Amino acid sequence: MVVQMTYLPLPLLFLLLFPISSALSPLDGFNSIRDLNSEMETHFARENSLSLEEFQSRLPSQQELTAIRKLISLIFIQKNQRICNPFTVEDSFPILNGTITLSSFQTVYCVIHEPIPKEPNQLFPRTFGFVIIRILSSEVVDIHHSSPHFESDGGVNEQAATLFEMTKSRSLVNNGISRFAVRGNPDSTCQPGNTLADAAHNINLAFHAMLQGIYDSTKSVSGNHYIQWHGMSQTSCAQSTAFISLGANGKNEIYQSSNVADKLARAITQCSNGKVVGNTPRDDSQCNLVAGTNVFGRQVHGVEEKEVCAIGAKNFDQRFIHIEQKVESRTEFESWREALNRVFRPIVVHEELKI
């Protein structure tokens with residue numbers, strides 16, 4: 001009798017014998033999400049670092065944008081780290097092979113990123129930025145942090161990364177290119193008046209597709225909130241250190257009753273002992289940084305995704321939260337951690353905070 005042997009492909013056999021959580025990861029040398037973000041930032045495109053031609057050569061194709069979106073949606077539904085490895089990209093998303101990879105981090109995170117360059121300060125070839133998804137656990141809170149304005153808004157990428165980790169939130173998307181990266185600051189084709197590389201006002205950058213992948217996976221589930229962290233000038237919004245809006249101006253009915261922006265504004269004011277004065281558009285009517293043109297915010301508020309460049313939202317809910325901050329707010333990590341937990345983890349609300 002002849003016994004026929006069946007052999008598994010080597011990559012699959014490796015994964016079965018050595019689960020990805022125990023395999024070596026290129027991110028094993030980092031101690032925290034904050035440290036990882038710091039390394040990523042050394043390879044991001046800073047102000048005046050790219051010609052128009054270099055910028056255009058880095059733009060993702062429509063096929064790549066679609067693949068990024070689908071890849072993030074796939075990772076989002078996982079309950080373990082098994083597919084958080086480069087083979088997933090190679091096998092299922094070949095158009096991203098060599099551009100995007102997956103790495104496990106600290107057994108609870110899956111990081112979607114460009115391979116880290118070997119040379120210090122060498123730019124990522126595409127400067128897409130990165131996504132981190134916390135694999136489902138009982139501790140996770142359904143907050144989705146993002147930062148579109150690397151460098152130009154101060155340390156908001158670091159802030160988003162730090163608070164994502166401190167609050168055990170579900171996802172983080174940090175953009176990898178300054179909005180002033182292209183020399184001459186050419187105008188946005190999506191929303192003229194903004195720069196071409198401004199990820200909050202451009203639907204052709206990887207950052208927007210990454211957010212769409214997060215949104216695709218969570219929009220039908222109640223309780224998910226999308227917080228976008230920004231920095232503002234010290235001379236803007238005189239009454240506010242942190243200006244928290246929901247994409248609508250202060251006269252909108254969404255601010256007239258109990259709402260998450262107001263709760264968060266009061267929480268950060270209390271948690272920082274007044275060092276950070278939080279306000280909403282209803283409180284600070286002179287501040288116009290309400291994020292009404294933010295392309296992702298418009299999509300969350302129901303504008304057709306192909307129309308978000310030109311058409312504003314008419315209906316608003318409390319899921320998209322836009323936070324503009326002066327410099328003293330951007331480093332108040334512990335105060336923001338406590339404020340976020342008080343608002344989004346009601347079980348830890350202190351009695352003195354009546355929200």
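The values are calculated or read from the model by the stated rules, or taken from the named source; none is laboratory data. Nothing here was measured: the structure is a model prediction, and the numbers come from that model. Neighbour counts run over all protein chains shown; Cβ positions are idealised from the backbone, glycine included.
Taking segment 46-74 as the search range and keeping residues that are aliphatic (A, V, I, L, M) and touching a helix residue (DSSP H, G or I) at 6+ places or on another chain (Cβ under 8 Å), which one is surrounded by the most Cβ atoms within 10 Å (Cβ to Cβ)? Reasoning before the result, please.
So in segment 46-74, the residues aliphatic (A, V, I, L, M) come out as 50, 52, 59, 65, 67-68, 71-72, 74.
Now restrict to residues that are touching a helix residue (DSSP H, G or I) at 6+ places or on another chain (Cβ under 8 Å): 50, 65, 67-68, 71-72, 74.
Numbers: LEU50: 21, LEU65: 20, ALA67: 23, ILE68: 26, LEU71: 22, ILE72: 24, LEU74: 16.
For segment 46-74, the residue satisfying everything is ILE68.
Which is over 15 Å from TRP229 (Cα atoms), of a type outside the set (Phe, Trp, Tyr) and buried (at least 24 other Cβ atoms within 10 Å of the Cβ), of LEU172, LEU205? Can you show your working first?
On the way: LEU172 fails: over 15 Å from TRP229 (Cα atoms).
Matching residue, one of LEU172, LEU205: LEU205.
In this structure, does GLN78 turn out to be in contact (Cβ under 8 Å) with a residue 24 or more places away in the chain, in the same structural domain as GLY213 (by TED's automatic domain parsing) and in a loop (DSSP other than H, G, I, E, B)?
Yes, satisfied.
When you look at LEU136, is it among the aliphatic types (A, V, I, L, M), within 23 Å of ALA67 (Cα to Cα) and modelled with pLDDT of 95 or more, yes or no?
Numbers: among the aliphatic types (A, V, I, L, M): yes; within 23 Å of ALA67 (Cα to Cα): yes; modelled with pLDDT of 95 or more: no.
When the stated conditions are applied, LEU136 does not pass them.
Are any residues in segment 183-200 surrounded by fewer than 24 Cβ atoms within 10 Å (Cβ to Cβ) and outside any loop (DSSP other than H, G, I, E, B), and if so, which ones?
If the condition is that a residue be surrounded by fewer than 24 Cβ atoms within 10 Å (Cβ to Cβ) and outside any loop (DSSP other than H, G, I, E, B), then ASP187, PRO192, ASN194, THR195 are the ones that fit.
Within segment 108-126, does at least one residue satisfy the condition of being among the polar types (S, T, N, Q) and either in contact with a helix residue (DSSP H, G or I) (Cβ under 9 Å, 6 or more places away or on another chain) or not assigned by TED's automatic domain parsing to the domain that holds ASN37 (or both)? Working first, answer last.
Going through segment 108-126, the residues among the polar types (S, T, N, Q) turn out to be 121-122.
Cutting the leftovers down to either in contact with a helix residue (DSSP H, G or I) (Cβ under 9 Å, 6 or more places away or on another chain) or not assigned by TED's automatic domain parsing to the domain that holds ASN37 (or both) gives us none.
The answer is no, given that none of the residues of segment 108-126 is among the polar types (S, T, N, Q) and either in contact with a helix residue (DSSP H, G or I) (Cβ under 9 Å, 6 or more places away or on another chain) or not assigned by TED's automatic domain parsing to the domain that holds ASN37 (or both).
Report yes if SER38 is within 28 Å of LYS168 (Cα to Cα) and of a type in the set (Gly, Ala, Ser), otherwise no.
Yes.
Name the single residue, out of those in segment 321-334 being crowded, with 20+ Cβ neighbours inside 10 Å and of a type outside the set (A, V, I, L, M, F, W, C), that is farthest from PHE296 (Cα to Cα). Lay out the reasoning, then the answer.
Residues of segment 321-334 that are crowded, with 20+ Cβ neighbours inside 10 Å, as a first pass: 321-326, 329-330, 332.
This time we only want the ones that are of a type outside the set (A, V, I, L, M, F, W, C), so: 322, 324-326, 329-330, 332.
Details: HIS322: 11, GLU324: 16, GLN325: 19, LYS326: 22, SER329: 23, ARG330: 22, GLU332: 26 Å.
In this case the residue turns out to be GLU332.
Would you mind listing the strands (runs of 3 or more DSSP E) fully within segment 86-175 where at least 3 residues are under 12 Å from the mean Cα position of the chain (by Cα) and under 18 Å from ILE33 (Cα atoms)? Break it down stepwise before answering.
Values: elements: 101-105, 109-113, 130-134, 141-147, 169-174.
Per the criteria, 130-134, 141-147, 169-174.
Do you know which residues across segment 178-204 are of a type in the set (A, V, I, L, M, F, W, C) and over 13 Å from the mean Cα position of the chain (by Cα)?
Result: PHE180, ALA181, VAL182, CYS190, LEU196, ALA197, ILE203.
Only one of (1) farther than 30 Å from SER222 by Cβ; (2) at pLDDT below 95; (3) buried (at least 16 other Cβ atoms within 10 Å of the Cβ) fails for GLY154. Which number is that?
Only one criterion in (1) farther than 30 Å from SER222 by Cβ; (2) at pLDDT below 95; (3) buried (at least 16 other Cβ atoms within 10 Å of the Cβ) is unmet by GLY154, namely (2).
Could you check how many residues of segment 262-280 are under 23 Å from the mean Cα position of the chain (by Cα), closer than 16 Å to CYS237 by Cα and not polar (S, T, N, Q)?
Of the residues in segment 262-280, the ones under 23 Å from the mean Cα position of the chain (by Cα) are 262-265, 267-268, 276, 278-280.
Those left that are additionally closer than 16 Å to CYS237 by Cα: 265, 276, 278-280.
Going one step further and asking which of them are not polar (S, T, N, Q), we end up with 265, 276, 278.
Going through segment 262-280 one residue at a time, the tally reaches 3.
Given (1) acidic (Asp, Glu); (2) under 30 Å from ALA67 (Cα atoms); (3) touching a residue at least 40 places away in the same chain (Cβ under 8 Å), identify the lone condition not met by ASP283.
Exception for ASP283: condition (2).
Contact list please: Cβ distance under 9 Å, first residue in segment 39-67 and part of a strand (DSSP E or B), second residue surrounded by fewer than 16 Cβ atoms within 10 Å (Cβ to Cβ) and at pLDDT 95 or above, pairs at least six apart or on different chains.
ALA45/GLU54; LEU50/ARG183
Filter segment 208-233 for residues that are of a type outside the set (Lys, Arg) and surrounded by fewer than 18 Cβ atoms within 10 Å (Cβ to Cβ); which is nearest to SER147 (Cα to Cα)? Steps first, answer last, please.
Step one: of segment 208-233, the residues of a type outside the set (Lys, Arg) are 208-218, 220-233.
Going one step further and asking which of them are surrounded by fewer than 18 Cβ atoms within 10 Å (Cβ to Cβ), we end up with 216, 220-223, 233.
Values: ASP216: 19, SER220: 23, VAL221: 23, SER222: 23, GLY223: 21, SER233: 16 Å.
Ranking the qualifying residues of segment 208-233, first place goes to SER233.
Being crowded, with 21+ Cβ neighbours inside 10 Å and of a type in the set (D, E, K, R) is the filter; apply it to segment 296-320 and report the residue that is nearest to ALA200 (Cα to Cα).
That would be ARG298.
Give the residues of segment 106-133 that are surrounded by fewer than 21 Cβ atoms within 10 Å (Cβ to Cβ) and in contact with a Leu (Cβ under 9 Å, 6 or more places away or on another chain), sorted by residue number.
Initial filter on segment 106-133 (surrounded by fewer than 21 Cβ atoms within 10 Å (Cβ to Cβ)): 106-108, 115-122, 125-126.
GLN106, ILE116, PRO117, ARG126 - these are the residues of segment 106-133 that are surrounded by fewer than 21 Cβ atoms within 10 Å (Cβ to Cβ) and in contact with a Leu (Cβ under 9 Å, 6 or more places away or on another chain).
Do we have any residue at all in segment 244-255 that's part of a loop (DSSP other than H, G, I, E, B), in contact with a strand residue (DSSP E or B) (Cβ under 7 Å, 6 or more places away or on another chain), at pLDDT 95 or above and buried (at least 24 other Cβ atoms within 10 Å of the Cβ)?
Restricting attention to segment 244-255, the residues satisfying the condition of being part of a loop (DSSP other than H, G, I, E, B) are 246-252.
Next cut, in contact with a strand residue (DSSP E or B) (Cβ under 7 Å, 6 or more places away or on another chain) only: 246-247.
If we keep only those that are at pLDDT 95 or above too, we end up with 246-247.
Filter once more, keeping what is buried (at least 24 other Cβ atoms within 10 Å of the Cβ): 246-247.
Yes: segment 244-255 contains one or more residues that are part of a loop (DSSP other than H, G, I, E, B), in contact with a strand residue (DSSP E or B) (Cβ under 7 Å, 6 or more places away or on another chain), at pLDDT 95 or above and buried (at least 24 other Cβ atoms within 10 Å of the Cβ).
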